[in-house]
Ligand SMILES: Nc1ncnc2c1ncn2[C@@H]1O[C@H](COP(=O)(O)OP(=O)(O)OP(=O)(O)O)[C@@H](O)[C@H]1O
Ligand code: SF4
Ligand SMILES: [Mg+2]
């Protein structure tokens, strides 16, 4: 079950649908930005007791300079494995069997492990939900930051000043003292800020943020996501923001990819997706968001049923067992197809789903800040 709580991020605002001219304009702006990351036909399998099961099934993703692109879906849909496949950090029993992950024209999947190590931290960095899994408990914050800072040319005498400035930039008070501390001497929120400082220390082209704030209180969550977005825009870098929280998507993403059972089932600019969801699964996700502009209900509608098990994915559309729109032809897997300018959905009844969407049906979702609304 997925529930996003938009209420946590401030006052609501109902999004309006893009008309075609808006959408074409947005498409033009987005495609005018240089392309940073282009993932094509990514396919990743997991070995369980000697049998390979597909976890990521032909994923395409694009991130442009200055853009935050969300990857959203229920637990187990394959979001983290997609990210880890791009960064080539998957567990030993998981391997990518085909596809490309082009970072500024260079396929990360065809680099040697040595070349890839040189790019991690420098050109591509990751922020995870639990900083203690990424921070080294026996090294000080300075040692860990300095290692990444040195991945770009820098005078030896400047490294410490740069480390302190980075900590300050991510909102750590008294950074001169904290830079010499060990991770266990810092609070959870501070550790996440250190992770963020490490992630941006070498000015990476792409930051992959995998549920970067889920474990944090609402205020720290908003501050950290604001910092990340600010960095991405300032540096003309890109962010792949992984989350199951549609409220976070509404506030921080420029465009959205909805993932279900290893596949991207819908993608669109954020306003378009929230105003005109074309896939029944996306509609379910949006219906389960808490709304501040509606009377309080005792229970939010959840998507009935469970996602398919890895070991027993249905043939055809993977959403079939839970879909109210299901018909016989859903036994064939529908391809991602255009349903509007820069809007695609993998549903054979997407046109009918779109026809049935009205702003009052709970499909229009809120923005939360004036800045976001002005996007
Ligand atoms: N090392 C592993 N061995 C076996 N199965 C795995 C392994 N890693 C991931 N999986 C399975 O692959 C599927 C996708 O996992 P993934 O971690 O990408 O999900 P997710 O979308 O990130 O979920 P969450 O929102 O809970 O983080 C899940 O069914 C998960 O159980
Ligand atoms: S293809 Fe069929 S089962 Fe899948 S989401 Fe569309 S209507 Fe539902
Ligand atoms: Mg995950």
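The values are calculated or read from the model by the stated rules, or taken from the named source; none is laboratory data. Computed from a predicted structure; not experimentally measured. Counting neighbours? That spans all protein chains shown, and the Cβs are built from the backbone with ideal geometry, glycine included.
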If I filter the stretch 300-317 for residues that are under 28 Å from residue 45 (Cβ atoms), in contact with a strand residue (DSSP E or B) (Cβ under 9 Å, 6 or more places away or on another chain) and at pLDDT 95 or above, do I get at least one hit? yes
State yes or no: is residue 135 assigned by TED's automatic domain parsing to the domain that holds residue 180, assigned to a loop (DSSP other than H, G, I, E, B), in contact with a helix residue (DSSP H, G or I) (Cβ under 8 Å, 6 or more places away or on another chain) and under 20 Å from residue 181 (Cβ atoms)? yes
Could you go through the stretch 278-297 and let me know if any residue there is modelled with pLDDT of 95 or more, more than 30 Å from residue 52 (Cβ to Cβ) and in contact with a helix residue (DSSP H, G or I) (Cβ under 9 Å, 6 or more places away or on another chain). yes
The one condition residue 340 fails out of (1) at pLDDT 95 or above; (2) surrounded by 18 or more Cβ atoms within 10 Å (Cβ to Cβ) is (1)
Looking at the stretch 47-86, which of the residues that are within 24 Å of residue 117 (Cβ to Cβ) and away from ligand 1 (no atom under 13 Å from the Cβ) is surrounded by the fewest Cβ atoms within 10 Å (Cβ to Cβ)? 61
In the stretch 67-77, residue farthest from residue 48 (Cα to Cα) [restricted to those that are in contact with a helix residue (DSSP H, G or I) (Cβ under 9 Å, 6 or more places away or on another chain) and either more than 16 Å from ligand 2 (Cβ to nearest atom) or at pLDDT 95 or above (or both)]: 67
Any idea which of (1) surrounded by 14 or more Cβ atoms within 10 Å (Cβ to Cβ); (2) modelled with pLDDT of 90 or more; (3) touching a strand residue (DSSP E or B) at 6+ places or on another chain (Cβ under 8 Å) is the one residue 322 doesn't satisfy? (3)
Considering the stretch 79-100, residues that are closer than 15 Å to residue 47 by Cα and in a loop (DSSP other than H, G, I, E, B), and then whichever is farthest from ligand 2 (Cβ to nearest atom), we arrive at 92
For residue 105: the one exception among (1) touching a strand residue (DSSP E or B) at 6+ places or on another chain (Cβ under 9 Å); (2) at pLDDT below 95; (3) at negative phi: (3)
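Conditions (1) without any contact (Cβ under 8 Å) to a residue 24 or more places away in the chain; (2) crowded, with 18+ Cβ neighbours inside 10 Å; (3) over 24 Å from residue 82 (Cβ atoms), marked per residue:
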{"site": "181", "(1), (2), (3)": "no, no, yes"}
{"site": "192", "(1), (2), (3)": "no, yes, no"}
{"site": "204", "(1), (2), (3)": "no, yes, no"}
{"site": "207", "(1), (2), (3)": "no, yes, no"}
{"site": "214", "(1), (2), (3)": "no, no, no"}
{"site": "221", "(1), (2), (3)": "no, yes, no"}
